[in-house]
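Take a look at the structure set out below.
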Amino acid sequence: MEAFFKIAGFSCGYPGRFVLDRVSFEVPKGVFAGIIGPNGSGKTTLFRGITGELPTLSGNIQLEGQDLRQMQLREKARNLAVVTQQIEAGNVTVEEYVLMGRLPYRKTFQFFETENDHAIARKYMELTDTWRLRDKSMNALSGGEQQLAGIARALTQEPQLLLLDEPTSHLDITNQVQILNLIQRLGEELGLTVIMIVHDLNLAGEYCDSLIMMQNGKIRKKGTPHEVLNFIDIEAVYDTVVVTRINPISQKPVVFLISEKTLKEQKKE
Amino acid sequence: MMQKKYIKWIVFLLLLVIVTVVAVIISLSSGEMNISVSQLPGLLKTREGLEYTVLMQIRLPRLILAISVGGALSLSGAILQGIYRNPLVEPYTLGISGGAALGVAIAIVFSLQSTIGAIILPVSGFIGAVIILFMVYFLSIRRGGLNINSMLLIGVMVSFVASSVMMFLMSITTSDNIQSIVFWIMGSLDESNSFLIKIALYSSFSGLFIAYLFAQPLNALRLGEAKAKHLGINTGATIRILFVTASLLTGISVSVVGVIGFVGLVIPHLVRLIIGNDYRILLGGSFLGGAVFLIICDTIARTVISPNELPIGVITGIAGGIGESFLSWF
């Protein structure tokens, strides 16, 4: 059977600059996959390759057997929703912003949102706990609230695949956990497939079903968090000494850092 | 359930239409020959007399031109501010008016009027505007796509070059020619060629129609180009079509009436303040607002020192500039 989401031999970018080099991986339906790797490893390039912002050099991307890059922009937006790091929606109300998620479903001469559009937007605003903020300006929201609104807008597109670029990077742990719990539930309750760039290895290990570790524009390792988050690969990719253990409650891998001072003292002993 | 927002829009549009009708009536009745408001219906019924001729031959064409040009300039401002995501952009920022003025200056300096006739002024103005439009457009193409930021910069630069060339022309020509150029640049709605008035009218309403096809894409562009694309908007085509539409509207307006500043900047800004940023109401609101603004300014321009006439650019500049400063001060 065809995998739900499949990237094969995919290279993208502008020749002469940093490019993604023949990346292949698959994500089954309903799975929450994380992309990890240091800065400059190609996470964002891969992300922008999937969204189509960067030109494809080789290979293909398939969603349910359909080539993503052959799709019309609108059809693509009905299948793939994107949440970026910074929402920066400007001076629009939360409800207006979330309703923009219905734009891919708009007919050419359709001028107003339908009742159905409003109902769908409301449903996902309630799910993301942003309905109470609906009349506020996006500018007036906190970082965490903006991300929630961003997710509500993405869900309003009713996509098959949700693509997130470090949605929790600027947030405190309360907000991080709230948003990641929500994203995890989406897979379980809506059958949504999620691919997310994550910086924090521990969040990646705790929440993601599978991980893809990038290095220099290639995939270094892919598999379950237990397979990917081992000290050998992490030390090689991040050029940092780490210790990995298993979280006693969740049984998920955890990564510990060690300071230079501690390392020196350890060596003396 | 009717959305609250839509009710607000309808009320706003109704108010604007009422204001427009009032402005039209005042404009038609005031001028050198006093025609009172109560006389208007009678005149339209009998269709005779000097008053009727003045009304239909002088004031009505001028009114139509004011509506077309005011609407077109203000609409262009709203469109360009939308695609550049910059509230300071106006139709003249991109060098369109500079190109038109240069075209007219060339025509005057080489006295093409005497050989071809007066129609050459608007024609050469329009040619100048279109040349600049294509220069800005093609210089801004990077990697097969329009680069919005460099487009703005190139527009401003091209505009400077055009005005420098024009100053050069003015420095080497006769003082009569300089006077004609300056007079043209100051702008006036006093246009007797009904063909030009028709072009202005049809083009401005076609522009409004085209703009409305892109009202929702413009809303999405408020999020930025990349994010609009994620929502399935063909941003490249949207920006190209709207840029050309706004530029042609500006080019036609400037060719017919000269440079009338501030309408494209102040009116969309004012409409945004009142009704918000949704382009579905902003486009129409700006169009009507610009029309009303120009009707009022023109009525002032031709009545204050009657029987003489002030250049309308003076009125729009002063009224617009002071109004805008006043608004931003709040």
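Values quoted throughout were computed directly from the atomic coordinates according to the rules given, and no laboratory measurement underlies them. Just so it is clear, the structure is predicted and the values come from calculations on it, not from any experiment. FYI the Cβ positions are ideal-geometry reconstructions off the backbone, even for glycines, and counts take in every protein chain you see.
Within 10 Å of each residue's Cβ, count the other Cβ atoms and sort B:Leu88, A:Leu80, A:Leu63 from fewest upward.
B:Leu88, A:Leu63, A:Leu80
What are the residues whose amide H is under 5 Å from the amide H of B:Gly187, where those residues sit 5 or more places off or on another chain and H is modelled from the backbone?
Amide H neighbours of B:Gly187: B:Val259.
What ranking of B:Tyr137, B:Tyr279 emerges when the number of other C-beta atoms within 10 Å of each C-beta is taken as an exposure proxy, fewest first? Show your work: numbers first, answer last.
Working: B:Tyr137 18, B:Tyr279 24.
Final ranking by Cβ density, sparse to dense: B:Tyr137, B:Tyr279.
Using 16 Å as the cut-off for backbone N distance, which residues of the range A:213-233 belong to the label zone defined by a point 7 Å from the Cα of A:Ser58 along Cα→Cβ?
The answer is A:217-219.
So, in Å, what gap is there between the alpha-carbon centers of the range A:4-61 and the range B:209-275?
When both Cα centres are located, 35 Å separates them.
Classify the range A:200-269 as rounded, prolate or oblate from the Cα gyration tensor: take a ≥ b ≥ c as the square roots of its eigenvalues, call it rounded if a/c is under 1.5, otherwise prolate when a/b beats b/c and oblate if not. Present the calculation step by step, with values, prior to reporting the outcome.
On the way: a/c = 2.83, a/b = 1.39, b/c = 2.03.
Note, shape of the range A:200-269 comes out oblate.
List B:Phe205, A:Phe32 from most exposed to least, where exposure is judged by having the fewest other Cβ atoms within 10 Å.
So the ranking, lowest neighbour count to highest, is B:Phe205, A:Phe32.
Enter the per residue convex hull volume of the range A:5-225, computed from alpha-carbon coordinates, in Å³ rounded to the nearest integer.
Cα convex hull per residue, to the nearest whole number: 125 Å³.
So if I take the alpha carbon set of chain B, get Rg, then get Rh from the Kirkwood formula, what is the Rg over Rh ratio?
Answer for chain B: 0.99.
In nanometres, what is the gap between the two model label sites at B:Ala319 and B:Lys4, each 7 Å from Cα along Cα-to-Cβ?
3.4 nm
Once you keep just the Cα pairs under 8 angstrom separated by 6 or more residues, what percentage relative contact order results for the range A:23-111? Intermediate results must be reported in sequence, preceding the final value.
Numbers: 26 pairs, mean separation 13.5, N = 89.
Averaging sequence separation for qualifying contacts and normalising by length gives 15 percent for the range A:23-111.
If I fit a long axis through the Cα atoms of helix A:115-127 and take the longest principal axis of the Cα atoms of chain A, what angle between them do I get, 0 to 90°, rounded to 10?
Around 30 degrees separate the two axes.
Taking H as built 1.01 Å from N, whose amide H comes closer than 5 Å to the amide H of A:Leu57, not counting residues under 5 places away?
A:Ser11, A:Cys12, A:Gly13
What FRET efficiency comes out for B:Leu14 versus B:Ser114 if R0 is 56 angstrom and r is the Cβ-Cβ distance? Round to the nearest 0.05.
Once the sixth-power term is evaluated, E becomes 0.65.
Can you tell me, using C-alpha contacts under 8 Å and at least 6 residues apart, the relative contact order of chain B as a whole percent? Mind dumping the intermediate values first?
Values: 476 pairs, mean separation 98.9, N = 330.
Rounded, it is 30 percent for chain B.
For chain A, what is the calculated [θ] at 222 nm in deg cm²/dmol (nearest 500), taking -39500 (n - 2.57) for each run of four or more DSSP H residues and dividing by its residue count?
It comes out at -10000 deg cm²/dmol, rounded to the nearest 500.
Under the Karplus relation 6.51 cos²θ - 1.76 cosθ + 1.60, θ = phi - 60°, what is the ordered set of whole-Hz ³J(HN,Hα) values for the range B:313-320, x standing for Gly and Pro?
x, 5, 5, 4, x, 5, 4, x
From the phi angles alone, apply the Karplus equation (6.51, -1.76, 1.60; θ = phi - 60°) to the range A:85-94 and give each ³J(HN,Hα) in whole Hz, x where the residue is Gly or Pro.
So the Karplus estimates, Gly and Pro as x, are 4, 9, 7, 6, 7, x, 8, 10, 6, 4 Hz.
Rg to Rh for the protein assembly as shown: what is it, with Cα atoms only and Rh by Kirkwood?
1.10
Give the residue list of trypsin sites (Lys or Arg not before Pro) in the range A:22-110 that are DSSP loop and have at most 16 other beta-carbon atoms within 10 angstrom.
A:Lys29, A:Lys107
Aspartates and glutamates within cross-link reach of A:Lys123: Cα-Cα under 19 Å, excluding same-chain residues under 8 positions apart?
Partners found: A:Glu95, A:Glu96, A:Glu113, A:Glu115, A:Asp135, A:Glu145, A:Glu158, A:Glu188, A:Glu189.
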